[in-house]
Amino acid sequence: MAKPKVATTSLAGCFGCHMSLLDIDERILDLVDKVDFDRSPINDIKEIRGTVDIGLIEGGCANEENVRVLREFRERCRLLISVGDCAINGGVPALRNLVPLGECFEEAYLSGPSVDNPSRRIPDDPEIPRLLDRVRPCHEVVKIDYHLPGCPPSADTLWAALTALLAGKSPELPYELVKYD
Ligand code: SF4
């Protein structure tokens with residue numbers, strides 16, 4: 001019988017949530033026994049190739065490429081999970097939401113204390129994804145089925161959620177796995 005498929009990606013995130021997934025340690029052997037990975041930094045596949053059962057999204061949407069990838073995951077993933085605080089509420093990248101985007105560019109490329117930009121040109125190559133006016137959590141862009149809070153969620157939290165979903169159950173995580181006090 002074909003194994004369930006899992007895909008993961010990082011949008012505007014730091015890959016810390018992916019590192020937490022790797023922190024499941026030797027359980028990774030159980031995981032690769034139970035599932036096949038589609039797009040993921042774990043296997044270095046860069047584009048999602050087919051329909052998958054579970055998609056894990058790290059990071060929110062800071063630019064148009066993040067939105068494209070997130071929408072593609074939503075179309076291809078039966079269940080889509082926002083993993084970590086950046087995906088759920090924008091996290092650290094969303095601090096720029098406090099400042100208008102034009103002022104962010106001004107500080108970063110023109111007037112910041114460490115800026116050396118004699119041309120006074122703000123990068124605008126079409127190959128560079130355009131920034132959104134503000135960083136958006138994933139659920140503002142597509143429907144999200146589950147949220148796993150934390151910065152990052154612990155390896156045990158990720159493991160408990162994944163194994164429940166792979167068993168066809170809704171993850172009912174105990175308080176110890178979702179408290180951060
Ligand atoms: S939630 Fe924390 S660990 Fe995860 S991508 Fe954001 S900053 Fe990194």
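Run the reach check for residue 46 against aspartates and glutamates, Cα to Cα strictly under 19 Å, same-chain hits fewer than 8 apart removed. What comes back? Of all the aspartates and glutamates, those that pass the test against residue 46 - Cα under 19 Å, at least 8 places apart if same chain - are 36, 38, 58, 64, 65, 72, 75, 127. Fewest neighbouring Cβ atoms within 10 Å first, the residues 146, 175 line up as 175, 146. Under 5 Å between amide hydrogens, built in the peptide plane, is the criterion, and for residue 37 it picks out 6 among residues at least 5 positions away or on other chains. Distance between the C-alpha centres of the stretch 103-181 and the stretch 7-45: 16 Å, rounded to the whole angstrom. Rg/Rh for the chain stands at 1.03; both radii use Cα atoms, and Rh follows the Kirkwood definition.
Whats the longest run of the chain with zero trypsin sites (Lys or Arg not before Pro) that are DSSP loop and have at most 13 other Cβ atoms within 10 Å? No qualifying site falls inside 50-119, the longest such stretch.
Counting other Cβ atoms within 10 Å as a rough exposure proxy, the listed residues 176, 140 run 176, 140 from fewest neighbours to most. Taking 0.36 nm per residue of separation and subtracting the Cα-Cα distance, full extension of the segment from residue 156 to residue 107 would add 13.6 nm. Comparing 79, 158, 131 in a Gaussian network model of the chain, where Cα atoms under 10 Å apart are tied by springs, the biggest mean-square fluctuation is seen for 131. Cβ crowding within 10 Å, taken as a proxy for footprinting-reagent exposure, orders 147, 18 from fewest neighbours to most as 147, 18. Which whole-number percent of Cα pairs in the stretch 48-147 have a distance greater than 24 Å? Pairs farther apart than 24 Å: 34 percent.
Taking the DSSP bridge list for the chain and keeping only pairs wholly inside it, about 20 percent are antiparallel. If you run the Gaussian network model on the chain, springs between alpha carbon atoms under 10 Å, then out of 160, 62, 87 the most flexible one is 160.
Within the shell defined by Cβ-Cβ distances under 15 Å, the residues around residue 90 carry a net charge of -1, with Lys and Arg each +1 and Asp and Glu each -1. Using the empirical formula 2.2 N^0.38 Å as the baseline, the Cα radius of gyration of the stretch 1-105 reaches a ratio of 1.16.
Coordinate-derived values only; no laboratory data. This one's a predicted model, so the numbers in the text were calculated from it and none came from an experiment. In this analysis, Cβ positions are derived from the backbone assuming ideal geometry, glycine residues included, and neighbour counts consider all displayed protein chains.
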